[in-house]
1. Set the Förster distance to 22 Å, then compute FRET efficiency between GLU234 and ARG37 from the Cβ-Cβ distance, nearest 0.05.
2. Which length gain, in nm to one decimal place, applies between HIS278 and GLN151 when the Cα-Cα distance is subtracted from 0.36 nm times their residue separation?
3. Which order do peptides 344-354, 133-143, 258-268 fall in by mean Cβ count within 10 Å, highest first?
4. Between rounded, prolate and oblate, where does segment 36-98 land on the alpha carbon gyration tensor, with a ≥ b ≥ c its root eigenvalues, rounded for a/c under 1.5, else prolate if a/b exceeds b/c?
5. Just to be sure I understand the model, the point goes 7 Å from the Cα along the line to the Cβ. What's the resulting ASN252 to ALA215 distance in nm?
6. Rounded to the nearest 10 degrees, what's the angle between the helix 284-299 long axis and the longest principal axis of the chain, both from Cα atoms, 0 to 90?
7. Roughly speaking, what is the stretch gain from LEU160 to ILE51, that is 0.36 nm per residue apart minus the C-alpha to C-alpha distance, in nm to one decimal?
8. Modelled label-to-label distance, PHE4 and GLU95, 7 Å Cα→beta-carbon offset: nm?
Amino acid sequence: MMRFSTLLRHPADWMKKGGPESDIVMTSRIRLARNLRKYPFPGWSKKEHRIEILDGIRPAIESLDEMDGAFSKDLTSLSSIQKQVLVERHLISREHAAKSHGCAAIMDRRQNISIMVNEEDHLRMQSIQGGLNLQEAYRMLDGMDSRLDKQLDYAFDANLGYLTACPTNLGTGMRASAMVHLPALVLSDQINPVIQAVNKIGLAVRGLYGEGTEALANLFQVSNQNTLGEREEEIIARLQKVIEQIIEHERNARFKLIEDRQEMLRDQIGRAYAVLRHAHIITSKESLNLLSMLRLGADLQCFPAGTRSTIDVLLTEIQPAHLQITAGKKLDPEQRDSMRAEILRARLKTLPEPSILSLEEPRDGEEDATTPTS
């Protein structure tokens, strides 16, 4: 089994490799909620029930080929900071991190697949892929789910589908989502009409860490809200179509900014570069928003190929729990702000100044596969 220190040393595959349309779509995620028949849902279960459920589920998960050498830990064996690191990497939810006895986190070595045991449901499985890759994320998870279904007695109703703790997950039990980077829509004040249009067609738009969180770094999660009455393929196809329309809106907004407000765009990218390269104290919120501008600059070819993947890793590594794990001790906010600035200066010290001549048109899709700036 993989140790926490090993997991920490290696960024998730999606951070390093990207994928289709990864200039705008950072990740695609599929999550499946499943429960065992004859057991109360975790929110109503006693400690001994949760432990019994975990003891039954865990061997089946660890026997999967995808989980060879996986990270598998009871939440009681992890410190609060270690659990927060998993939240910052989008491997477990904030709600799961607050749980203890009978709860576990299991993930593959590449951090593409993670499984929460006894979160809101007995089993919550997710697959994360870089870029707009919903079909591949679903394919990976669907195969695992089918094999687990042969070993575990899922709670399933012929009319309602998979039974879940929250009624909105009834049916397929599936949430499909994409994390999209929309700085141009934000800068041009077009983001609210886009969000309202997406909400009107039954999709949800949330912040960086899901429901109730802020859209830091101009990152938004777009996901389906209903899972009953539609097949998985239909849900994915509908979300895919909407994400493609959002991509088109963001690209159009980028072209419009280049045509009409190029000086403002250069100023935003240049200021972000200057502060991140030279600041000695910087908050998490400020650094995330400035890194968003740097990422936009990379997409507009102001920086060398490979810069985007460096930024994607930094978006996670400068989070509070990651900083404290790196420091090997608990840090107060002022200490974290100093350490964050130090890491940013070190990681970006070889990044050249933004090139004005390259600010002509957005770079579509995947980056050139070169070594990231470090």
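Every number here is computed from the coordinates shown, using simple stated rules; none is lab data. Here the structure is a predicted model, which means the values were calculated and not measured. Cβ placement follows ideal geometry from the backbone for every residue including glycine, while neighbour counts extend to all protein chains displayed.
1. Here the calculated transfer efficiency is 0.25.
2. Details: separation 127, 0.36 × 127 = 45.72 nm, distance 5.53 nm.
Result: 40.2 nm gained on full extension.
3. Working: 344-354: 15.5, 133-143: 19.6, 258-268: 13.7.
With the highest mean Cβ count within 10 Å placed first, the list reads 133-143, 344-354, 258-268.
4. On the way: a/c = 2.06, a/b = 1.17, b/c = 1.77.
Judged from the Cα gyration tensor, segment 36-98 comes out oblate (a/c at least 1.5, b/c at or above a/b).
5. About 1.7 nm, to one decimal.
6. So the inclination is approximately 70 degrees.
7. Computed gain between LEU160 and ILE51 is 36.5 nm.
8. A separation of 2.4 nm, rounded to one decimal place.
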